[in-house]
Each structure stands twice: as structure tokens, then as C-alpha cells.
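Worksheet for the structure shown next.
The values are calculated or read from the model by the stated rules, or taken from the named source; none is laboratory data. Just so you know, these numbers come straight off a predicted model, no measurement behind them. Cβ atoms come from the backbone with ideal geometry, glycine included; neighbour counts cover every protein chain shown. Heavy atoms of the whole protein, side chains included, go into the accessibility calculation; ligands, DNA and RNA do not. Shrake-Rupley method; radii C 1.70, N 1.55, O 1.52, S 1.80 Å.
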Amino acid sequence: MIDVSYYPGCSLEGTAKDYRESIETVCERVGIKLHELEDWNCCGATAAHSLSHKAAINLSARNLTIAEKAGMDLVIPCALCFNRMKAAEKVLLGPYRREYAYRFEGSIKIWDLLDFFCQDRVKAEIARRFKRPLKGLKPVCYYGCMANRPPTITDARNWENPTNMDELLSFLGAEVIDWPYKTDCCGASHVVARPDIVFNLVYKLFDMAERVGANCIVVSCQMCQANLDMYQDEISKKFNRDFYFPILYFTELVGMAIGEKQVNRWLTKHFVSAKPLIESVGLNL
Amino acid sequence: MSVQTPQTIVPDYSFLKKVEFESKIKASACFQCRKCTNGCPVTFAMDFYPDQILRFIHLGLRDLVLNCATIWVCASCETCTTRCPNEIDIAGLMDYLKESAEKEGIGIKDNKTYMFHRVFLDDVKKRGRVHELRLMNEYMLKTGEGVKKLKDDSWKQDLKLGLGMLTKGRLPLLPKGIKNKKEVKRILENID
Ligand code: SF4
Ligand code: SF4
């Protein structure tokens, strides 16, 4: 059993409930025990770092203090929450730490959930429960911005061309396709005030995914998932195309590979139905 | 025929000093290679490119950088910061400029991106966490987007997505709050 602290973040309490369910179930199945951080608060997201550097750092710092007290490494699924927590970590361990209200000694490691899953010890647990290879799924891995950039904050090793998700999905037997837009931006929270920007960016992703022959896009961030999934119809219409890409969480693929029946329910919570794809490749449970 | 005379700019380096002192970001290290701009995904929506913003800061064109669309169009994707050969945190500068614009009340009226951030932080201030449904309602009200959508029929698309969320069980109607709301409120208080 691997014990870790867990920061779900606000979206996973709301619109990304599907991601949350898949994370919590799959972790339990592969022997990761998630301890939700006591009384965690919102990391402030883009709004906080846009309007107040200081408040943004303090919001995340409060969570780090709580996590350090709990004494276990901290895993964070949302790429933006992860990035904000890492930014606070660097400030609290840096030369300006005295300007902030919170203390953090750096005694625990802050993990992006995907990266946590890519450890050999977790893969070994998955292997023990492995039911069937995900043959026929031809995903492109979409990492987005925040889990990797900037490396001075995230401590990422391959920020221009990350490969950990590619390796994990190949390990699950999926026929992963390499592509050049792994870490291109989806526009994130601009979707509210500037959907025009998001539609342009996401269109480029779809166009490339189609050109390289992918049949689905796999993500590890609920913001990327929403931007690619919810507006696919609208984007198709706007650019006169006919895109069909189920947008799947990597945890759902782990679930499929270990034969977890609840996957079906998680998939019905997406806007673009994965059913036609899953049935066409014979992976239905 | 009118001859266009180039406008003369008298550089005012005090702005650069202020920016560097307050943001702790070394904007003066920029040698205008444009690597930041070349990798930026949203230049198509900007009025000035990221390298130009750096140049304007050098020249002391404060009003121009605080008023421009670019700082609000920036998606904080961190590509520029990652790639700058002089390790300048350009994304951090964009944030610094937004923060300054808000403080001075410049360029924030009718600015939907700004309104979204404001409403977001107000929501966090109330409960320590964000409740997406309330956040969206507030945003629609405050920006008048709701009324606009009613008029141009785009509400139908929103309704479709909203109902989709609801039937998929992804829209909890009641917000959750944290126990220590006061502490979070305090963190957010000193920014107004
Ligand atoms: S990449 Fe850095 S040095 Fe080059 S123009 Fe941009 S800010 Fe200046
Ligand atoms: S952080 Fe902003 S300015 Fe820099 S590349 Fe991304 S969108 Fe462009």
C-alpha cells in the first residue's frame, strides 16, 4: 500500500466529478491510498496569479503547510493546481520566503498525479492486475502546459517533449501515436471570457490529431478535458470539419486495462461519447 | 500628400526600474531575440507581441503596456518563460502588468477577462473554494453576458451544455465551504 496526501482541487468537486471518480477508484485498485488534505482551499488558479502574486502564493502555501504537517508526499491531479503549488514551493524555499505568511521546509514531494502513476512501483501494481491490452486505441497524449512548464517551477525533466504518458499508455497496450502538439496550449480558463481564443487553439489540436491518425486524445487535466470535449461540436461546425475524438483521462485507460467495470459510467459523463470507438475496437466491458 | 513623421520617444528608465524592483524580474536582460513571440500560441489575438511589451517597458511606455490587450490575452502557458535565452519570466511580467493595471484602474472597465478573475476571487473569498455554477452566474450577471446571450440566441448552446452537465451529474447545486474560511479571506483581503 502506498500512502499519499491528495489535493483534489475545486473542479474535481464540481464539473470534473468524473475525473475524481476514476482517480479514486483506480488508485484504490492499484494500492494507492489517497488521504485527502484536511480543509484544503482553492489554489486561486489563473485569477489569483493574474491579480495578486502575493495572494496567489499564500493561497497555495496554506495547502503546503497542511500537507507538510500530514507528513506524506502530495499528489495533485489538476495541472494548474499542481503548477501553483510548485510555484509556492519555490517561493517558500527561496530568498523571498520571509515576505509570506506561511512556512514550508520542503520535507515532502509535490507530485503531478500522472507522473506519480508513471513510477515503476505503480506500474508493477498495474501489471499485477492487468486484464487486457488496449489494442485498437490509437491515442495521442495531450499533456498541456502546466504539468511541465516552466521546468524551473515544475522540475520536469522533458518539458518540450514529455514522454511519461506515452510510456504509460504503451505499457497498457495502447497503440500510442507520437505528435508535435503534446504541450501546446488549449487556452484553459479563457474559455469563459474569450472562447474565440480557445476554439482557435483547440481546432489546431484536433486538426493535428486527425493528420497523425489518432482515434482519441488522452489527457491528465480536467481543464484540457473540458475544452477539448465540451465544444467539439461547436468547433467542428465553426471550422467546417467533422471531428470525432473521445477525450479520455489516463486513469480511465488504466481502469479499462485492469478491467474495472465502473469505466462505463465515467465515460457516459463525457460529452463526446466514447462508445462507438470502444465498441469498434472491441474493448467494451 | 502627408509625410508621416516618426514619433519621437524620450525613454524614461524609471519605469523599468520600478518594474524590476517590484516584480523581481530582470526585464532589462532582454536582447530582443523574439523567441518568446515565436513560440507564443495566442499572438493572433494580441495587439502587441511579447517582445514588444519588453521593449516598451525598457522605454518607459507605461500607459501603453497597462492599456494593451496583450497582457489580458496572454494565456499564461509559460512557453515564453521556459524558452527565453536570458531566463526572463515573461509570463510573470504579464501577471505583474495585470496586477498593476488593476491597482491603477487602467484598462479593466468592460474587460471580460478581468471580470472573470475578479468574480473568481470573490467566490473563493466567500467559502475558501470555488463553486463553478455560482461563479458562472455571477460572471453572466456582472458582465451583462447573460443578457447579450439572450438577445443573440447563444444561450441555447449554453443551456444545452448546462443541461448536459446536470444530467451527467457534474453540476452540484450546493457549494462546499472550508472550515477556516476566515484565513482564506484574510489572504485575499489585502489585494483590493
Ligand atoms: S525571448 Fe527573452 S530575450 Fe528574447 S525577446 Fe523575448 S524576452 Fe527578450
Ligand atoms: S505565457 Fe503568455 S505571452 Fe508567454 S507564450 Fe504563453 S500566452 Fe504567450
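Worth pointing out:
- Here the Karplus relation 6.51 cos²θ - 1.76 cosθ + 1.60, evaluated at θ = phi - 60°, turns the backbone of segment A:40-51 into coupling constants of 5, 10, 4, 6, x, 6, 5, 4, 5, 6, 6, 10 Hz, with x for every Gly and Pro.
- For segment B:13-104, the share of accessible area belonging to carbon and sulfur comes to 51 percent (1.4 Å probe, ligands and nucleic acids excluded).
- Per-pair calculated FRET efficiency, R0 = 45 Å: B:SER154 and A:LYS33 via Cβ, rounded to 0.05: 0.50
- Alpha-carbon Debye profile of segment A:6-165, log10 I(q)/I(0) at 0.14 Å⁻¹: -0.75
- Residue-normalised accessible area of segment A:130-280, expressed per residue, 1.4 Å probe, Å²: 37 Å²
- Principal axis dimensions, segment A:130-280 - Cα atoms, whole angstrom, descending: 43, 39, 26
- Long pairs among A:LYS131/A:LYS238; B:LYS103/B:LYS151; A:LYS86/A:LYS182; A:LYS182/B:LYS35; A:LYS69/B:LYS181, criterion Cα-Cα beyond 29 Å: A:LYS131/A:LYS238; B:LYS103/B:LYS151
- Extension gain, A:GLU167 back to A:ARG128 (0.36 nm per residue minus Cα-Cα distance, nm): 12.3 nm
- Legend: calculated FRET efficiency, B:SER14 to A:LYS90, from the Cβ-Cβ distance at R0 = 25 Å, rounded to 0.05, equals 0.25.
- Accessible area expressed per residue, segment A:41-108, with surrounding protein chains retained (probe 1.4 Å, Å²): 33 Å²
- Accessible area buried at the A-B interface, both sides summed, 1.4 Å probe (Å², nearest 100): 4800 Å²
- Rolling a 1.4 Å probe over the protein heavy atoms gives chain B an accessible area of 55 Å² per residue.
- With 32 Å as the limit, the listed pairs A:LYS135/B:LYS156; A:LYS204/A:LYS275; A:LYS135/B:LYS176; B:LYS125/B:LYS168 have A:LYS135/B:LYS156; A:LYS135/B:LYS176 beyond it between alpha carbons.
- Carbon/sulfur fraction of accessible area - segment B:121-168, other protein chains in place, 1.4 Å, %: 64 percent
- Segment A:169-196 versus segment A:235-262: alpha-carbon centroid distance in Å: 12 Å
- The base-10 log of I(q)/I(0) for chain B, evaluated at q = 0.13, 0.19 Å⁻¹, reads -0.88, -1.28 [Debye formula, identical scatterers on Cα atoms, solvent excluded].
- Nitroxide proxy distance, nm - points 7 Å out along Cα→Cβ at A:LYS109 and B:GLU183: 2.6 nm
- Helical runs assigned H by DSSP (4 residues or longer) give the protein assembly as shown a calculated mean residue ellipticity at 222 nm of -15000 deg cm²/dmol, each run adding -39500 (n - 2.57) before division by the residue total.
- Globularity index of segment B:133-192, i.e. its alpha-carbon radius of gyration over 2.2 N^0.38 Å: 1.51
- Accessible area of segment A:2-115 belonging to carbon and sulfur atoms, whole % at 1.4 Å probe: 48 percent
- Gyration tensor over the Cα atoms of chain A: the corresponding equivalent ellipsoid has semi-axes (square roots of 5 times the eigenvalues, largest first) of 31, 23, 16 Å.
- Expressed per residue, the C-alpha convex hull volume of the protein assembly as shown stands at 160 Å³.
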